[in-house]
Every structure is written in structure tokens, then in C-alpha cells.
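The next block holds one structure in the form of C-alpha cells; read it before the comments.
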Amino acid sequence: MGKNVEIGTLIARVVLGIIFMLHGWQKAQNFAGTSQFFQKIGLPGFMAYAVGTIELIGGILLIIGFGTRIIAALFALIMLGAIFQVKSSAGLVGGYELDLALLAISVHLMLAGGGLLAADKLLFRGKARTANA
């Protein structure tokens, strides 16, 4: 990857991580209410705990760049669920445009990895060279 792409990926990773971490933190502050909302839209209540935990912990991991591809895949699934289960009836504008942007960033990170300063790259640098040799 070129340096500009690496920097862009770093920015996307950190911003996406912050957004999801804050959304997860918000859910964790009222898991009971979030669970009721999930049930209201036809999802099992326990999914609120799963989604909130993935968002909170996954957001933190994404900020540091650890498990980027896996976390991004989980975020992409969450965004697909949000788009189709909750927001599709509102249409693109005023409905699911933010979710679509977050989905696109998640897919980018799934494909590109963590980019510059990702913990994965820093921790597993030697193993990647050995595997590619």
C-alpha cells in the first residue's frame, strides 16, 4: 500500500473505532432499554448485549488496530442489520446514509487491513515476513 493509502486507512480505522466505541458505550449505559428496543423491532433482546459489547470492545480494538479485519467484518454485519432491520423504510437520505458510509468503511478495512500504526502490523511483523518468505 502507498503511504497516502496507509494514512487514509489509519484515519478511517481510528474514526470508525471511535464511532463504534461511543455507540457501544451508549448501549452499555442502558442495556435493558436497548434490549427492549431490539425486541420492539423483532430481534431477540440478548442481541443488544452482543451488539453493544462488540461495538464497545471492537471500537477500542479498532482504534489500536488489533484484529482489524475481524472487527471490521463484525461491524459490517451490524451495519447490514441496522440498514435492513431498522432504517431501510426511512430511505437513504435521512435514513440509512450514515449506516451505509460506516458499512463502506468497514468493508474497506476488511479488505485493506489496519494500515499505518496498526497493532497487528507492529506485533506480527516478523511472522508475516516468515510466512511470505
Helices (runs of 4 or more DSSP H) wholly inside the range 1-115 that include at least 1 residues being closer than 24 Å to Arg125 by Cα: 3-29, 46-64, 68-81, 97-112
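Go over the candidates Leu43, Leu10, Leu56 one by one and state the one that is under 12 Å from the mean Cα position of the chain (by Cα) and surrounded by 13 or more Cβ atoms within 10 Å (Cβ to Cβ).
Details: Leu43 fails: under 12 Å from the mean Cα position of the chain (by Cα); Leu10 fails: under 12 Å from the mean Cα position of the chain (by Cα).
Only one candidate qualifies: Leu56.
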Within the range 69-87, considering residues that are under 9 Å from the mean Cα position of the chain (by Cα) and buried (at least 17 other Cβ atoms within 10 Å of the Cβ), the one farthest from Leu100 (Cα to Cα): Ile71
Filter result for Ala90 (surrounded by fewer than 18 Cβ atoms within 10 Å (Cβ to Cβ), more than 10 Å from the chain's Cα centre (by Cα) and at pLDDT 95 or above): no
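The values are calculated or read from the model by the stated rules, or taken from the named source; none is laboratory data. Computed from a predicted model, the values in this text were never measured in an experiment. Positions of Cβ are backbone-derived with ideal geometry, glycine not excepted, and every protein chain shown enters the neighbour counts.
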